[in-house]
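Enquirer: Please find one structure pasted underneath; my questions will follow.
The values are calculated or read from the model by the stated rules, or taken from the named source; none is laboratory data. Small disclaimer: the values here were computed from a predicted structure and weren't measured. All Cβ positions, glycine included, derive from the backbone under ideal geometry; neighbour counts span all protein chains shown.
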Amino acid sequence: MAARFRRDPEVDESAGVVLVAIGAGVVLVAEGIDVEEAGWIDELGDSEVAAEEAASSLDGSFAADEDEDFKALEETLERPVAGIVMSGSEVGNGDPKKGSNSHATNITTSITPSITSSITHSMNPSTSLPTSTPTSQIDSSNLPDGDPELLKSAGRYIKSILDPDDTSLPRLECPRIDSQRYGYLNPNLKYQKRKFFFALNIRQKVDLLPRLMGSIAEAIRFLGPENCALSIVEGNSGDGTYEVLKTLQSHMENIGIEFHFQHSDLDPGAGERIPRLAELRNLALAPLLDRGKHYSSDATVLFLNDVAICAEDILELAHQRRRLGADMTCAMDWTYVGNDPTFYDVWISRTIAGDSFFEIPPDGNWNSAWNIFWNEATTQRLFRDHRPFQVFSCWNGAVAISAQPLLDRIIRFRAPGPGECFQGEPSLFCKDMWNNGFGKIAVVPSINLEYSDEAGRKIKTAKGFTNQWIKPDEDEKSLDWRKEPPEKVKCMPSYEKQAWEPWNQGLE
């Protein structure tokens, strides 16, 4: 097989560059860098040259695939290896101080275990290389085939998802991204660790995919595909959600998005709901933990529900987490139980005083839903002014979370333990954040979400798009963070059973 290489014009050839051709795919690594630690694997540029020409132009050396070293490398990688070119300082037993005229002399010592363990993604030879090659993905060979008829209709959803200007399918219309406000979130640096991990659990929401997945794709393109990864767990959909996402996977990878897609038969509606929901959320986070070395210490997890969300909403969550120095930021989610919107996630969210966002009496009526933060004057003022405020717990449809406690494996989603108030897995997640010193949790009330396109339009009309509430003096007004949680938090296993319990009940 003829070895083909793609050469990156931006590469400094004196940096000890190593080109490895694996089948039809090519990856770039560098001598002297622990690739697994740095998370530094990337594809090369657009111009193709034959392997021999690459060797000559780079003033390096070429070894054909019959070489014993390549046979050993093929066995390690469990796939064909076409060729290798090395340039710059000598690799392995050479002098690293020598200039670009020195030749690599030892192939086997230049291919380290850290490199071979990172080269795990082979590309389809019929497609062009993406801007950033995904390097580790969940094995898609075990995914169900999907319904043939539903697969036939997936294409029109793909077009809508990948093209922000497409109007062939109805969806919430969103504003353009404010590049001046959010541009700094993409450092535009090559070969850095990933900064953002997108996570999503979804079921039976095919009509929402053009807006939800379209906004995710748009946000990732803006942040830089090389800085992001996306993990989706789909479960038991019969409306085409699975078929669209399965078809979408290759399209997302072709534009450089590392996409982990899984199907799960876990049904939270059958059996114990909270343990299964926690398991599904942890399943979505699994690729982050499996590849923790590839993520920056200040990485952000953007975990979304099945909401009608705009790209600017996603970026605002990330921006406010960075601006406020928050450990977690949440949106506000709403539901229409009548003509007026009602805050939705009242079972999960608790104020910094430990109370629910609005009062619910034992008979379960929501007649006081309009009187939000009725007993928290400061929080109510900030809410009405569309400024962030600290809370004990929240989720509210979409969150931006510091990846640190997850990567350190000190926090995970879980069900209530013995002697602990019965509550949802997001509430327990926030409780564990506080217990481990990550209590800077804030709601960003400029971000308002609903759970369908139709209701999303209504809530954006009623509450405004995020960009409408940007204030010129916001950087001068940060949060006065409380370091200690409230002494007690309202426990609400049901509306009939409400009680104030120690915030750390079950953790003492």
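Enquirer: Report whether or not ASP355 is out of contact with any helix residue (DSSP H, G or I) (no Cβ under 9 Å at 6 or more places or on another chain), touching a residue at least 60 places away in the same chain (Cβ under 8 Å), in the same structural domain as ALA455 (by TED's automatic domain parsing) and more than 15 Å from LYS490 (Cβ to Cβ).
Expert: No: the conditions fail for ASP355.
Enquirer: What is the residue count in region 163-185 for residues that are small (Gly, Ala, Ser) and in a loop (DSSP other than H, G, I, E, B)? Even if it seems obvious, please write down each step before you answer.
Expert: Our first condition is that a residue be small (Gly, Ala, Ser); within region 163-185, this holds for 168, 179, 183.
Keeping just the survivors that are in a loop (DSSP other than H, G, I, E, B) gives 168.
Qualifying residue count for the region: 1.
Enquirer: Another one. I'd like the residue in region 255-278 that is assigned to a helix (DSSP H, G or I) and surrounded by fewer than 18 Cβ atoms within 10 Å (Cβ to Cβ) and, out of all such residues, is modelled with the lowest pLDDT. Walk me through how you get there before you give the answer.
Expert: Pass one, region 255-278, residues assigned to a helix (DSSP H, G or I): 273-278.
With surrounded by fewer than 18 Cβ atoms within 10 Å (Cβ to Cβ) added as a condition, the list becomes 273, 275.
Values: ARG273: 93, PRO275: 96.
For region 255-278, the residue satisfying everything is ARG273.
Enquirer: What number goes with the only condition from (1) closer than 23 Å to ARG176 by Cα; (2) outside any helix (DSSP H, G or I); (3) hydroxyl-bearing (Ser, Thr, Tyr) that SER296 does not pass?
Expert: Answer for SER296: the failing condition is (1).
Enquirer: So for region 463-477 (the condition being among the polar types (S, T, N, Q), modelled with pLDDT of 95 or more and not in a helix (DSSP H, G or I)), does at least one residue qualify? Reasoning before the result, please.
Expert: Initial filter on region 463-477 (among the polar types (S, T, N, Q)): 466-468.
Right, trim to modelled with pLDDT of 95 or more and you get 466-468.
Next cut, not in a helix (DSSP H, G or I) only: none.
No: zero hits.
Enquirer: Could you grab me the full set of residues in region 223-247 that are among the aliphatic types (A, V, I, L, M) and closer than 22 Å to LEU151 by Cα?
Expert: Answer for region 223-247, where residues must be among the aliphatic types (A, V, I, L, M) and closer than 22 Å to LEU151 by Cα: LEU230, ILE232, VAL233, VAL244, LEU245.
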